[in-house]
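J.: Before anything else, here's the structure in question.
The values are calculated or read from the model by the stated rules, or taken from the named source; none is laboratory data. What you see is a predicted model; the values in this text were computed from it and never measured. Virtual Cβ from ideal backbone geometry, glycine too; neighbours counted across all protein chains shown. Just the protein is used for accessible areas: all its heavy atoms, side chains included, with ligands, DNA and RNA removed. Shrake-Rupley method; radii C 1.70, N 1.55, O 1.52, S 1.80 Å.
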Amino acid sequence: MKKILLSLALLASVSFGLSAQGRDGGRRGGDRSKALQELNLTAEQQEKVKSLSKDFKTKNDTLRSQQRELRKSHQSDFMAILTPEQQVKWKDRVEKRSRNENRAGKNSGRNGRGGKRMNLDAATTAKLDDLKSNFVKEKKAVEMSRIAPEAQKEKIQGLKQKYRTDRREIIKEARPKAAEKSNS
């Protein structure tokens, strides 16, 4: 049991470190080979770095594989505990949660925000969902780009401002319609 917990802790720390670096391997500020070039490594050091990186990748892939297997094992053990009725309820709950997250992002329903509280119709809510989805995609594209961190921050700030402005406009256009419906 201790080995499993230790493995999970190690995997979590490695995964956290990788996610903090980003999908481009932490090369947002420039190419890794360029950074290594600046160190003026000897041929022997370069081989050691290459070997170390290869070893890390192998170990990391193994840990990810173990994590996937552990997750599958946990899920099957959990499902074995449940009655068939509970299994159906659980699967429905998981599917519903997945649909909700995919539809509008994980935080769309936070604090009652969304079309219901603002009395927006389905078309307006769909427009807002599309706008948010596009914003998230554009933001991720900027985060994945290899431009300097300061330039990334500026671009993301611009995207946020545009998103907020467009969102306000969509809501402003929809409010008179909502007021007319409530008055009639």
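J.: With all protein chains present, calculate the accessible area of residue 85 using a 1.4 Å probe and round the result to the nearest 10 Å².
T.: Spelled out: residue 85, probe radius 1.4 Å, area about 120 Å².
J.: Now a separate question. So, counting K/R as plus one and D/E as minus one, what does the shell of residues with Cβ under 14 Å around residue 82 add up to? Before the final figure, lay out each step's value.
T.: Working: positive: 89, 91, 93; negative: 77, 85, 92.
With Lys, Arg at +1 and Asp, Glu at -1, the neighbours total 0.
J.: Under the rule of at least 5 residues apart or a separate chain, name every residue whose amide H is placed under 5 Å from the amide H of residue 120.
T.: Those qualifying (amide H under 5 Å, at least 5 residues apart or on another chain) number zero.
J.: I've got another one for you. Considering only protein heavy atoms, with the full assembly of protein chains and a 1.4 angstrom probe, order 88, 142 by accessible area, largest first.
T.: I get 88, 142, largest accessible area first.
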